[in-house]
């Protein structure tokens, strides 16, 4: 628990913008850490903070890094320079954390995506893998229709999800 608090405190003191120096660690923005509390990220990763290992913390921070990369890509594809809360929420949805009953089609790729924390190739692959449904999601979040849209109209099988939402298969070639 202490280690998790220290990691979050240090990253919160640095900056709210995600910055990376080439093929090295990225700084996870404060805001994405705050928004992560709205979603069962730690629970879905089977992390109990009281007993969290260094590996658990790495998976958690790594996946938040991946969510951040996707949110930034969604923002750019919507002609915004920086990600908004709706872009971050859309990225959490892309990774199947929301809505709660959403099929976990992205879950098998979480470990590959968590390499985004320290791997520029993975970050680049994530940024370019965002599909049209993910790009359209922030406006639906804003008008309150996103949950129904995602649950009722988004692809329910892996192949279509990778084609229209996010191509996480591309991460296999990014390492």
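Where a number appears in this text, it was derived from the coordinates with a stated rule and is not lab data. Model, not experiment: these values are computed from the prediction. All Cβ positions, even for glycine, are placed from backbone atoms using ideal geometry, and neighbour counts span all protein chains on display.
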Rounded tilt (10° steps) of 132-143 against the dominant C-alpha axis of the chain: 90 degrees
Cα-based helix-to-principal-axis angle, 2-14 vs the chain, degrees rounded to 10: 70 degrees
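Order of 112, 143 from fewest to most other C-beta atoms within 10 Å?
In order of increasing Cβ crowding within 10 Å: 143, 112.
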Rounded Å value of the spacing that divides the Cα centres of region 56-86 and region 105-174: 11 Å
Value of relative contact order over the chain, rounded to a whole percent, pairs C-alpha under 8 Å and six or more apart: 22 percent
Burial order of peptide ranges 103-109, 147-153 (average beta-carbon count within 10 Å, highest first): 103-109, 147-153
Region 2-173 pair-distance distribution - Cα-Cα, 5 Å bins, rounded %: 1, 9, 19, 23, 23, 15, 8, 3, 0
Value of [θ]222 nm, deg cm²/dmol, for the chain, DSSP H segments ≥ 4, -39500 (n - 2.57) each, nearest 500: -16500 deg cm²/dmol
